[in-house]
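A short write-up of the structure that comes next.
Nothing in this text is a laboratory measurement; each read-out follows from the coordinates by a stated rule. Treat the numbers as computed from the prediction; the structure is a model and nothing was measured. Note that we place each Cβ from the backbone using ideal geometry, even for glycine, and neighbour counts take in every protein chain shown.
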């Protein structure tokens, strides 16, 4: 029996895509394998590691747990969409400068969640950052450099008077 495909429209990093997807196709698979956004990483496939985090209508979600059909008509931001005009966003820059990118596998999810945090709270403390990033797991960094990077990014954004979002 042939499964009926669904026609959906996604806006990813400002670009509009119309495509057909299987009813059970996950958002992570559409983003990575159909659209080429390889910054979205699959770690656990159960929503526990946060490596596949993207913003769905401005809110962080683990894309391995989202069906592509449920994202129809919505706006998605991946780690690739955070940089602007070829220039790293302060969150991305701070991760590099503070060595919060050791093996790099978990980094996209941490950056997307940190970006979302700073859009909501431009002046977080360490405890708030830890709470916000609790859904992201890292096997390499010990988290301290990540916390320092987010604090530094918040400071850079304030100094630049950078608009949130």
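Overview of values
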{"quantity": "Centre separation in Å (Cα based) which lies between segment 16-71 and segment 103-139", "calculated": "18"}
{"quantity": "Within the chain, helix-based [θ] at 222 nm, where runs of 4 or more DSSP H residues each add -39,500 (n - 2.57), nearest 500", "calculated": "-8500 deg cm²/dmol"}
{"quantity": "For segment 6-80: Kirkwood Rh in Å [reciprocal of mean 1/r, alpha carbons]", "calculated": "11.9"}
{"quantity": "Measure of compaction for the chain (Cα Rg per 2.2 N^0.38 Å)", "calculated": "1.05"}
{"quantity": "On Cα atoms only, tilt of 107-120 relative to the major axis of the chain in degrees", "calculated": "70"}
{"quantity": "Nearest-ten-degree value, helix 144-160 long axis tilted from longest Cα axis of the chain", "calculated": "80"}
{"quantity": "Relative packing of 132-138, 26-32, which averages over residues the other C-beta atoms within 10 Å, highest first", "calculated": "26-32, 132-138"}
{"quantity": "Net length gained if the chain between residue 160 and residue 70 were fully extended (0.36 nm per residue, minus Cα distance)", "calculated": "28.7 nm"}
{"quantity": "Gaussian network model of the chain, Cα within-10 Å springs - most flexible of 62, 38, 107", "calculated": "38"}
{"quantity": "85, 25, 18 arranged by Cβ crowding within 10 Å, fewest neighbours leading", "calculated": "85, 18, 25"}
{"quantity": "Surface/4 estimate of mean projected area, convex hull on alpha-carbon atoms of segment 90-159, nm²", "calculated": "3.9"}
{"quantity": "Pair residue 22, residue 57: separation of 7 Å Cα→Cβ label points (nm)", "calculated": "2.7"}
